[in-house]
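Taking it in order: structure first as structure tokens, then the write-up.
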Amino acid sequence: MAGAVAVLLLLDLLRRLVDGSLGPSTLLTYLWTGLVIGLIYGLAGIGLSLTYSILNFANFAHGEYVTVGAFSGFSTAYLVAGGGIATLGNLFLLRPAAGQVGVSITSAPFAVVVGLLVAVVATVVVALVLDRVVYKPMRSAEGISLLIASIGVAFVVRYLLAIVYGTQRPGVTAGTQRYFVGEALGLGRFIVDAHQLIILVAAAVLVVGVHLLLTRTKLGKSMRAMADNEDLARVTGIPTERVIRSTWVLGGGLAGAAGFLLVLSQGTIAYNIGWRLLLLIFAAVILGGIGSVYGAVLGGIIIGIVQQASAVWLSGVWSDMTLPVTFALLIVILLIRPQGIYGGVETT
Amino acid sequence: MSDTEEQPVETSGETGESGDAPEPGTADSAVEEAAKTTPRGVPLRIQNLRKEFGGITAVADASFQVEAGSLTGLIGPNGAGKSTTFNCIAGVHRPTSGKVFFQGEDITGLRPEQVANKGLVRTFQIAREMEDMTVLENMMLAPRGQVGESLFNSVVPGIPAPRFLDDSQRQRWERVVPQGRRAVTRQEEDLRERAWETLEFFEIDHLAGEYAGSLSGGQRKLLEMARVLMTDPEMVLLDEPLAGVNPTLEKKLLKRVHDLREEGLTFLLVEHDMDVIMNNCEHIIVMHQGTVLAEGEADDIRNDDRVIDAYLGETI
Amino acid sequence: MSDETPRERFSGLRARFSQGGGTTDASLLLVTMVALWALFAAVGMYLGYDTAGVLGTVQSMTFLVAVYALAVLALNLQWGYAGLFNIGVAGFMAVGAYAVGFLSGSPDATPAGLGLPLPIGIIGAMLIAAVVGLIAAFPALRLRADYLAIATVAMSEIIRTTALARPLAPITGAGQGTRNFPANPARTLYYENPADVTSAPNAVGEAVFGVFESFGVMRTNLVVDMTYTVLLLVVVGLVYWLSRRTGNSPFGRVLKAIREDELVAESLGKDTRMFKIKIFMLGCALMGLAGALWQGLGNGSVNPTTNFLPVLTFYIFIALIIGGSGSNTGSVLGGAVFAALLFLLPTYISNIVATFNLRLPRPNSVIDAFTPLLSADPLPLVGFVVANIDSMRFIIIGVLLVWLMQNRPDGLLGHRKEVASSVDLMRRDRTRGQTAATDGGRTQGGADDE
Ligand SMILES: Nc1ncnc2c1ncn2[C@@H]1O[C@H](COP(=O)(O)OP(=O)(O)OP(=O)(O)O)[C@@H](O)[C@H]1O
Ligand SMILES: [Mg+2]
């Protein structure tokens, strides 16, 4: 059923391309922006996927790790790029106008790089502290208890950020270089901006890095074994503290990076950006198959592209239906293929 | 679990306890043939049963049958496939191939509750109590087809028969007018009495009000047995019911099994204690590596070379 | 060692709560409500409100307690009994609220309603919520608990974002939301033309308003709200009764068994899927009822950008966890404690603090709040906390949730599982030989009825 719908939609897409109602540059824009945002979902999703499969619970606070990365990274970028414009305190709190500070990869590449690094480190620290305080005392608890506790964690982190940074949604990036790539290829105007390119590069580096870590190191291998094979994890007992900590380091770090890159691409920041992303990240992870790193990335890209490309059919006021349709897709995946694209066959 | 979830459900199996009504979904002539050739004295019959888990073949084309009113023993070394066979019979696993017949009816691939509702009930090797329910609640859960399992009956107050009616009119009234909660409480009072009696027999009535989670391993085994009997079964599959039970109680339990057998119940018993099997079971089936290695009476089994090989080292 | 005594006392109290039984439960609920009324009346008086103000304070608290109790009872049927981890409560409440507006709202307003009589609207809302629940039940049948959590929260967001979508504006009012709800039944009781704000009161209204005026309460709206709240309490009583009956029965026993070990329930011949579907639909219908009576008729205004966010579901979960999931009395208690003490009370704090005349500074950032601490001046920090009381509330709730999961997963009020049977299982009427019933006089079973 679902397959048939997908095939029909693809055929319709072709028809639209052929009869000219959908320009190739529009489609390319959808695919490109979908890829970029999808990579962010995927980056955040890797962490969620790892904690899900190794610690055996759905972490509803994962979105907050994304937000922590966004704020810590941008506070740092503001401090680096905006020296002298305002007091350090106001810079840290992201108070000066975005245009004044000018955080962008073209105008302040150093600030962006340092911001990204700090986003990763700060989120790792937060993830480890939360593990120590909240989850460690509950190692033997059931997944549902951990899930509920993580909802509590989400509340605490989100509203601490709200208290510190306020509940408004300021713009924090300066405009950056845009490139028109389509014309050269004869596909019409098709815009790529520098931040999108940075996201692509950063995401690629991080995914390859994680790949190497998981496949080349002993620690990574034992993590992967546990992530890939729930039964094995069960047989070998409760995973060691070292593996758990590494899981949080990896998962938190990637979530933090995703948060920073998300804000870099959308330009605005708010205390609830991670929370609003959470269901989409879950969708990516479940689509890819829980426990699978590459599945999470692929799932993220698919979700990102589906969201963008749905504009082909959901135009005008119907664009409001994009989110409901994406969530419905999540439920359908859960029902027809809960093990995801990459997941193996579930055993009893 | 996923095993039961994936299988297409044959809802048709629900109807007719009578057993010889062929199912519309399985109008396979070979099956019908097999059903007919199964003698009425054979409530359970396994035919070429096979179950594979990924690469592992847990049961490899096993065939055997259990006579009505018998206490049949099923033995075999660890990993022989005994529990898996039980799971295939009870509908927990869907067999890879092969057939299961109960009272002449093909029950292969039915859901667990459908199998249980035919009167074929099982216990678990590792006792599975409802830990957060009391011992009595566990007992009261078991009886099949309770009036109060309907949400409507449980909630809606019943309309009592007017006083001026005589007894026979009252009975008619109660048959026609919804009795709702009245009927539920009445039945529960009866079941409660039965539950207490059963608990007394198993000597765990002093635990009646305790949460099942606070019971010891042996007590859980007893509760599990008691609970199965509350379902009023035709045949019981017992998976190592005596593990962890003290010797005095073990004797009592076995006596109870023999009593129930006299009353017409059929038992298939998995047990590792050879003495128990040899002394109590009139028929013994030996499984090894998923197949039936030998079958017969205690003496035949005791002297069977293949069985001795299979148990290499263990004394029989 | 010194904390031994209060803890002992606490556990003794918990033990007494846990015994269950109809009368203790009822008195427990009554005591709690009286205490909350007294507390909120005291807050109102302390803040110098007039009689109407105090009554208003108590009324709005009672309203919130009642609607929370409804939603929590509904969730308890699904999660407490059957272990179905539905975190889409807000969505089902949204369905109920929108449905009652659509079915019974005025046909002349926008978005237009059908103008059906209110009872049809309410029953219809419950039915529609039940049908949506049926759709959601399919994941419930097939998915592990954590997947079900994700599926249901997605479901609730589908419902909310769909209500927000412009193509549905004719029914939902999209981003504007809707205020087209039927007049609440209390207005119908007191006014000649209940739907009209300017309508004159009818004879009943005159009489009742007169009584209140003699006590100096001139606000007729308050009287209407109070009446509506009393009606709500009656509904809570009915739903409580319904839940108890459902739970304390063979049906409820199977639900508990499903929560404990579904395979065993199946192996004992229970068609667990049917039980799950039924309880999912019943729970969703009751959630729909809660939405219809709370945001719908109660608030008379619904907006999907601020109402029915997933956070509402979490509030209801927290309330249930506080009360102890699996217990109907605990559900109501948890709803009351959460709504009154955790949700509502903090909103009075800034008013109360204002009465101290501290002239609290209002620092405009954390930095300005904390730096004065270096010079031993805590007031800016206090002022900052008070100013951010809304966010503080979330943080406290979050901390509480984590603490509960770490220390009291059975609920703050302890292990309050009610025995699922329609009769007292520990009693034996037809005893043979020695009596087992005299076993320390313990009783079991919520056999409070029949
Ligand atoms: N769900 C499963 N998935 C994979 N393999 C399984 C599963 N259940 C059983 N097996 C395998 O099937 C084989 C038979 O197991 P089974 O439990 O049926 O043996 P048994 O005869 O009951 O042994 P025991 O005497 O130890 O209880 C074993 O190798 C076991 O590891
Ligand atoms: Mg076994």
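The values are calculated or read from the model by the stated rules, or taken from the named source; none is laboratory data. If you're wondering where the values come from, they're calculated on a predicted model, not measured in any experiment. All Cβ positions, glycine included, derive from the backbone under ideal geometry; neighbour counts span all protein chains shown. In case anyone asks, the SASA skips ligands and DNA or RNA and just uses the protein heavy atoms, side chains included. Shrake-Rupley method; radii C 1.70, N 1.55, O 1.52, S 1.80 Å.
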Practice problem: Determine which lysines satisfy two conditions relative to B:Lys82: a Cα distance under 20 Å, and not lying fewer than 8 residues away in the same chain. | Solution: B:Lys51, B:Lys99, B:Lys221
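If R0 is 45 Å, what FRET efficiency do you get for C:Leu373 and A:Arg139 from their C-beta distance, rounded to 0.05?
Working: r = 36 Å, r/R0 = 0.80.
Working from the Cβ atoms, E equals 0.80.
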Quiz item: What size of dipole, in debye to the nearest 20, comes out for the stretch A:2-336 about its Cα centre when the only charges are +1 on Lys and Arg C-beta atoms and -1 on Asp and Glu C-beta atoms?
Solution: 580 debye
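From the Cα gyration tensor of chain C, with a ≥ b ≥ c the square roots of its eigenvalues, which class applies: rounded if a/c is under 1.5, or else prolate if a/b is larger than b/c, or else oblate? Don't jump to the answer; show the numbers that get you there.
Working: a/c = 1.43, a/b = 1.17, b/c = 1.23.
Rounded shape, in that the Cα axes give a/c under 1.5.
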Quiz item: Given a 1.4 Å probe and every protein chain left where it sits, what share in percent of the accessible area of the stretch C:146-204 is carbon and sulfur?
Solution: 60 percent
Quiz item: Over chain C, what relative contact order in percent results from Cα pairs under 8 Å that are six or more residues apart?
Solution: 25 percent
Quiz item: Just the accessible area per residue of chain C, please: how many Å² with a 1.4 Å probe?
Solution: 39 Å²
Quiz item: Between B:Arg170, B:Arg186, B:Arg302, which gets the highest mean-square fluctuation from a Gaussian network model of chain B, Cα cutoff 10 Å?
Solution: B:Arg170
Practice problem: Starting from the residue with the highest accessible area, list A:Tyr179, A:Tyr135 in decreasing order, probe 1.4 Å. | Solution: A:Tyr179, A:Tyr135
Exercise. Obtain the nm distance between the two label points defined at C:Asn221 and A:Thr87 by a simple spin-label model: each point lies 7 Å from its Cα along the Cα-to-C-beta direction.
Key: 4.2 nm
Quiz item: Roughly how much of C:Val337 is accessible, in Å² to the nearest 10, using a 1.4 Å probe?
Solution: 40 Å²
Quiz item: Convex hull over the alpha-carbon atoms of the stretch A:2-336: what's its volume per residue in Å³?
Solution: 144 Å³
Quiz item: Computed FRET efficiency, Cβ-Cβ of C:Ala41 and C:Arg408, R0 45 Å: what is it to the nearest 0.05?
Solution: 0.90
Quiz prompt | Chain-alone versus full-assembly comparison, the stretch B:206-244, residues with accessible loss of at least 10 Å² (1.4 Å probe) | solution = B:His206, B:Gly209, B:Glu210, B:Tyr211, B:Arg227, B:Thr231
Practice problem: Return the tail of the calculated pair distribution for the protein assembly as shown, meaning the percent of Cα-Cα pairs more than 38 Å apart. | Solution: 58 percent
Self-check item: Whole-Hz ³J(HN,Hα) from phi, Karplus 6.51 cos²θ - 1.76 cosθ + 1.60, for the stretch A:241-253, glycine and proline x
Solution: 4, 5, 5, 4, 4, 4, 4, 5, 4, 5, x, x, x
Quiz item: Which number do you get for Rg(Cα) / (2.2 N^0.38 Å) in the stretch C:43-201?
Solution: 1.24
Practice problem: Could you tally the net charge around C:Gly56, taking each other residue with its Cβ under 13 Å from the Cβ of C:Gly56, Lys/Arg +1 and Asp/Glu -1? | Solution: -1
Self-check item: Pairwise FRET efficiency - B:Asp61 versus C:Arg166, Cβ, R0 = 51 Å, nearest 0.05
Solution: 0.20
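How much of the accessible area of chain B, in percent, comes from carbon and sulfur atoms when a 1.4 Å probe is used? Mind showing how you got there, number by number?
Details: 6610 of 13520 Å².
About 49 percent, which is the carbon plus sulfur part of the accessible surface.
Per residue of chain C, what 222 nm ellipticity follows from adding -39500 (n - 2.57) for every DSSP H run with n ≥ 4, rounded to the nearest 500? Walk me through the intermediate numbers first.
On the way: 18 runs with 281 residues, N = 450.
Helix-only estimate at 222 nm: -20500 deg cm²/dmol.
Subtracting the Cα-Cα distance from 0.36 nm times the residue separation, let me have the gained length for C:Val34 to C:Tyr49 in nm, one decimal. Numbers along the way, then the final one.
Working: separation 15, 0.36 × 15 = 5.40 nm, distance 1.98 nm.
Additional length available on full extension: 3.4 nm.
I'd like the carbon and sulfur percentage of the solvent accessible area for the stretch A:2-336, probe radius 1.4 Å, heavy atoms only, ligands and nucleic acids excluded.
Numbers: 8860 of 13020 Å².
For the stretch A:2-336, the apolar C and S fraction of the accessible surface comes to 68 percent.
Report the B-C buried area as the accessible area lost on both sides summed, probe 1.4 Å, in Å² to the nearest 100. Don't jump to the answer; show the numbers that get you there.
Values: alone 16010 and 22140 Å², together 33330 Å².
The buried area between B and C, both sides summed, comes to about 4800 Å².
So what is the relative contact order of the stretch A:2-336, in percent, for Cα pairs below 8 Å that sit 6 or more residues apart?
Working: 550 pairs, mean separation 120.1, N = 335.
Dividing the mean separation by the residue count of the stretch A:2-336 yields 36 percent.
If DNA, RNA and ligands are ignored and the probe is 1.4 Å, what is the ranking of B:Val307, A:Val201 by accessible area, most exposed first?
Details: B:Val307 0, A:Val201 85 Å².
From most accessible down to least: A:Val201, B:Val307.
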Quiz prompt | Complex-versus-alone comparison for the stretch A:133-158, residues with a loss of 20 Å² or more in accessible area, probe 1.4 Å | solution = A:Val134, A:Met138, A:Ile144, A:Ser145, A:Leu147, A:Ile148, A:Ala149, A:Ile151, A:Gly152, A:Phe155, A:Val156
Exercise. Could you pull the accessible area for B:Ile277 with a 1.4 Å probe, rounded to 10 Å²?
Key: 0 Å²
Quiz item: Over the stretch C:35-92, what relative contact order in percent results from Cα pairs under 8 Å that are six or more residues apart?
Solution: 23 percent
Self-check item: Inter-label distance, nm, simple model (7 Å from Cα along the C-beta direction), A:Val129/B:Trp173
Solution: 7.3 nm
Quiz item: What span do the alpha-carbon atoms of chain B cover on each of the three principal axes, reported in whole Å from largest to smallest?
Solution: 76, 50, 36
Quiz item: So, with +1 on the Cβ of K and R and -1 on the Cβ of D and E, and no other charges, what is the size of the charge dipole of the protein assembly as shown about its Cα centre, to the nearest 20 debye?
Solution: 3680 debye
Quiz item: Taking the C-alpha atoms of the stretch C:32-137, how large are the radius of gyration and the largest Cα-Cα span, Dmax, in Å?
Solution: 18.2, 51
Quiz prompt | Which listed pairs, of C:Lys256/C:Lys278; B:Lys118/C:Lys276; B:Lys251/C:Lys256, have C-alpha distances above 24 Å, in listed order | solution = B:Lys251/C:Lys256
Quiz item: Sorted by accessible area (1.4 Å probe), largest first, how do B:Leu71, C:Leu143 line up?
Solution: C:Leu143, B:Leu71
Practice problem: Identify the residues of the stretch B:256-278 with backbone N under 19 Å of a label point that sits 7 angstrom from the Cα of B:Ile308 along the Cα-to-Cβ direction, or state none. | Solution: B:274-275, B:278
Quiz item: Chains A and C: how much accessible area gets covered up at their contact, both sides added, probe 1.4 Å, in Å² to the nearest hundred?
Solution: 3900 Å²
Quiz item: What accessible surface, in Å², does a 1.4 Å probe find on C:Phe212, ignoring ligands, DNA and RNA and rounding to the nearest 10?
Solution: 50 Å²
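Considering only protein heavy atoms, what per residue accessible area in square angstrom results for chain A with a 1.4 angstrom probe? Walk me through the numbers on the way to the answer.
Details: 14050 Å² over 348 residues.
For chain A, the solvent-accessible area averages 40 Å² per residue.
Where a ≥ b ≥ c are the square roots of the eigenvalues of the C-alpha gyration tensor, would you call the stretch A:1-133 rounded, which needs a/c under 1.5, or, failing that, prolate if a/b is larger than b/c, or oblate? Write out the running numbers ahead of the final one.
Values: a/c = 3.87, a/b = 1.45, b/c = 2.67.
Since a/c reaches 1.5 but b/c is at least a/b, the shape of the stretch A:1-133 is classed as oblate.
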Quiz item: Please identify the chymotrypsin sites (Phe, Trp or Tyr not before Pro) of the stretch B:70-119 that satisfy two criteria: DSSP loop assignment and at most 14 other Cβ atoms within 10 Å. Which are they?
Solution: none
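Residues of chain B: accessible area per residue at 1.4 Å, in Å²?
Numbers: 13520 Å² over 316 residues.
For chain B, the per-residue accessible area is 43 Å².
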Self-check item: Computed over the stretch A:252-348, the ratio Rg/Rh where both radii use C-alpha atoms and Rh is Kirkwood
Solution: 1.00
